[in-house]
Structure formats: structure tokens, C-alpha cells
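Beneath this line is the structure, given in C-alpha cells, with notes to follow.
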Amino acid sequence: MDIQTIGIVGAGQMGNGIAHVMALAGYDVTLTDISADALKTAVETIKGNMARQVARGKIAEADMTAAMHRILTTTQLTDLGPSDLIIEAATERETIKQAIFEDLLPHIKPETILTSNTSSISITRLASGTDRPEKFMGFHFMNPVPVMQLVELIRGIATDEETFAACKAVVDRLGKTAASAEDFPAFIVNRILMPMINEAVYTLYEGVGSVQSIDSSMKLGANHPMGPLELADFIGLDTCLAIMNVLHDGLADTKYRPCPLLTKYVEAGWLGRKTQRGFYDYRGDTPVPTR
């Protein structure tokens, strides 16, 4: 299938990043969200991020202008109907994702490919609620989308080879690298990354080290660009907890048990950078550890 038009559900951090790279690659993009304000913010974010790419000589100003003209926004989910490929990038809650696909089904073409940017939820289970499990797969971008080079492509049990090939061709056109993953909880990246972050939270919870010492140790001792607690704040502690719960529930192994301290931060609403407080407090000029 020759994909030319992309529909994106959700204008948050992931959705606007996906719209950004798709438009730059020459795809016509329709971005939808239930919030008009979120759509406005998304367009401003994309424009600002592209302007930085122009300033750094990564793209030409003409490319930015053309890409911005390829992005349409709408609060009506049904406007995605003509899209060749739809990427759902809504909140990491299965019930919300299922409802989105259910609402989309009456309005899309028979050949439209449905995908989810989920970081951990079963692709097979999401696909089973649609009329096209063979044309459904996981299309998991890394954050921040314009910068990160990897895309995980996850086949559900029914995904056909034509669908995989079509999505792989999109990744290639973006200039990114596709990693093929099987449909098991959290796939590849988060299956490895999230337990490391959870263990860092346990290390803090048990008093082995402070926020600062844990992050410094991993940056300087393991050459990680960000410490695990700093990274958790960047990802969102609610997202980290959700993925750990998916791992724990899906694999039934106690080694994936979420740290009680991670749960406590989420209960407090301290979700990281997006709420200005997590393992660091971001309300001042310099982030300050909260423990």
C-alpha cells in the first residue's frame, strides 16, 4: 500500500512529534485532539522545534514552510476518515485507546492501516476490538520524536506482512531505524528500560543513595546521557508506573513489582517535568532534588 496521508490521534508530546516528522517527510498530516487548546499548542510547538532545526542548519526554511502547510488540525475524530495510515498517540490507558478505535471504525476506508504508539499495551488485544486485526500493529516512536532514531514496529498475532511492509516503508522514509518487536508486555525498549528506572527508585526508597548520587552514578559510571530518575521525570512518572503495572500484570513476575515510592509520587500528582515536580522540583531556575 502506498501511504500518502497520515492521521494522528492525540496532540500531546508524542502526537505533535509524530506530526512534525511525518510532515517533514512529505506526508499530508491530519492531527486531532479533543482539546482545541492542545491542538493550538501542538502547532506552536512543532513550529518552534522546526525553527530550531532551521537555525542549526538541519533543514531549510523552505522545508519548514512546506511541512507546516501539510499539517491540518481538527477536534473531530471523524475527519481522519480519508487517512491511509492512522497512528493513535493518546493517553496510555487501554480503555481510552479502545474507545478511539471503536469511534474511528465506521469512518475509515477498508484499506486504512490502524496503529498505536502505545509503549506497552498488547497490540493483539487492541487489534481484536477492530474489524481489521490483520491491518493493525504497534508503531512506537521514542521521545522526543524528532531527535530519536528508533521506531519499534510491533506485530500483533494477526498482523499481515503487507501491513508490516507498509509501516516499515514509512519508517524508512522518515530516515529512522525500525526495530521489529514481538507483542509481549512493553516490547523491547521499555521491557529493558523501565525495570532499570524502577530499580533506581527502589535504590532511592531503600536509602542506598540520594536522587543526586543515583543519577550522577549512572551518568558518570555507566556513561548514560541522563540519570534514571531524571529520565523518569522526563518520561512522566505516571507513564513509568503504567508500564511497570503492564509488565507486572502481563508477566506475573515479582521482579516487575512497581516501587511503592513511584506509586506514592504518582498519587501525589508529582509526575515529573510536566507537573513541575517529580524526583526533581522544576519550579526554580535549576532543578532541585525532592528527596
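Against the longest alpha carbon principal axis of the chain, how many degrees, from 0 to 90 and to the nearest 10, is the axis of helix 237-251 turned?
Result, in degrees: 80.
At q = 0.15, 0.16 Å⁻¹, what base-10 log of I(q)/I(0) does the Debye formula yield for segment 190-289 when every alpha carbon is treated as an equal point scatterer in vacuo?
Debye curve over Cα of segment 190-289, log10 I(q)/I(0) at q = 0.15, 0.16 Å⁻¹: -0.55, -0.63.
Could you state, as a whole-number percent, how many of the C-alpha pairs of segment 24-83 are farther apart than 19 Å? Working shown, then result.
Values: 609 of 1770 pairs.
Tail of P(r) above 19 Å: 34 percent of Cα pairs.
Over the Cα atoms of the chain, what is the Rg over Rh ratio if Rh follows Kirkwood?
Details: Rg = 19.3 Å, Rh = 19.8 Å.
Over the Cα atoms of the chain, Rg/Rh equals 0.97.
Around Ile192, under 15 Å between beta carbons, what's the net of Lys plus Arg minus Asp minus Glu among the other residues? It would help to have the intermediate numbers written out before the result.
Details: positive: Arg191, Lys255; negative: Glu152, Glu182, Glu199, Asp253.
Local net charge: -2.
Choose one of Val208, Pro106, Leu241: the residue whose Cα lies farthest towards the positive end of the charge dipole of the chain (beta-carbon charges +1 Lys, Arg; -1 Asp, Glu; about the Cα centre).
Of the candidates, Val208 comes out farthest on the positive side.
Pro106: net charge of surrounding residues, Cβ under 14 Å, Lys/Arg +1, Asp/Glu -1, itself excluded? Mind dumping the intermediate values first?
Details: positive: Lys109, Arg132; negative: Asp79, Glu102, Asp103, Asp131.
Around Pro106, the surrounding residues sum to -2.
Give, as a single signed number, the net charge of other residues whose beta carbon lies under 13 Å from the beta carbon of Ala158, with Lys and Arg counted +1 and Asp and Glu -1. Mind showing how you got there, number by number?
Working: positive: Arg125, Arg132, Lys135, Arg155; negative: Asp131, Glu134, Asp160, Glu161, Glu162, Asp183.
Taking every other residue near Ala158 into account, the sum is -2.
Please tell me the relative contact order of the chain in percent, rounded to the nearest whole number, where contacts are Cα pairs under 8 Å and at least six residues apart. Walk me through the numbers on the way to the answer.
Numbers: 524 pairs, mean separation 38.1, N = 291.
Once normalised by length, the contact order is 13 percent.
Under a straight-distance cross-link criterion of Cα-Cα below 29 Å, which lysines are reachable from Lys274, leaving out those fewer than 8 residues away in the same chain?
Correct list for Lys274: Lys40, Lys47, Lys58, Lys97, Lys176, Lys219, Lys255, Lys264.
Hey, how many Å between the Cα centroid of segment 122-182 and the Cα centroid of segment 67-120?
14 Å
Specify the angular offset, from 0 to 90 degrees and rounded to the nearest 10, of the alpha carbon long axis of helix 13-24 from the longest principal axis of the alpha carbons in the chain.
40 degrees
Throughout, read-outs are computed from the coordinates displayed, never taken from laboratory work. Note that the structure is a prediction, hence the values are computed from the model and not measured. Cβ atoms come from the backbone with ideal geometry, glycine included; neighbour counts cover every protein chain shown.
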